[in-house]
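The values are calculated or read from the model by the stated rules, or taken from the named source; none is laboratory data. The structure displayed is predicted, hence computed values, not measured ones. Neighbour counts run over all protein chains shown; Cβ positions are idealised from the backbone, glycine included. Heads up: the accessible areas ignore ligands, DNA and RNA and are worked out on the full protein's heavy atoms, side chains in. Shrake-Rupley method; radii C 1.70, N 1.55, O 1.52, S 1.80 Å.
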Amino acid sequence: MESRAIAKTLLEDEVYSDITFIVGAEREQIRAHRHILNIYPVLKDLLEPSIQEIVLQDVEPAPFKRFLR
């Protein structure tokens, strides 16, 4: 299986996810896997082990999900 396909599968599978993004005005919860998110330099500093939830009020859920894929 290709690495992007694996990442997409993990994004869609919330089993074992260990961080939650609260996104947009609707406060949609998007669960994710910290180890997968480490590939994104822009998120790396936010992924301290003690942080379980990150609020992104100025981001809409659909573009954020596309970014994660």
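Here are some notes:
- In segment 23-38, residue modelled with the lowest pLDDT [restricted to those that are open to solvent by less than 10 Å² (accessible area, probe 1.4 Å) and not in a strand (DSSP E or B)]: Leu37
- For segment 57-69, a residue qualifies if it is free of Cβ contacts under 8 Å to residues at least 60 places away in the same chain and within 11 Å of the chain's Cα centre (by Cα), and the qualifying residues are Pro61, Phe64, Lys65, Arg66, Phe67, Leu68.
- Selection within segment 39-51 - part of a helix (DSSP H, G or I) and open to solvent by 90 Å² or more (accessible area, probe 1.4 Å): Pro41, Val42, Lys44
- Condition met for Ile54 (at negative phi, surrounded by 10 or more Cβ atoms within 10 Å (Cβ to Cβ), among the β-branched types (Val, Ile, Thr) and at pLDDT 90 or above): yes
- Those residues of segment 1-22 which are outside any strand (DSSP E or B), within 16 Å of Arg69 (Cβ to Cβ) and not hydroxyl-bearing (Ser, Thr, Tyr), in sequence order: Met1, Glu2, Arg4, Ala5, Ile6, Ala7, Lys8, Leu10, Leu11, Glu12, Asp13, Glu14
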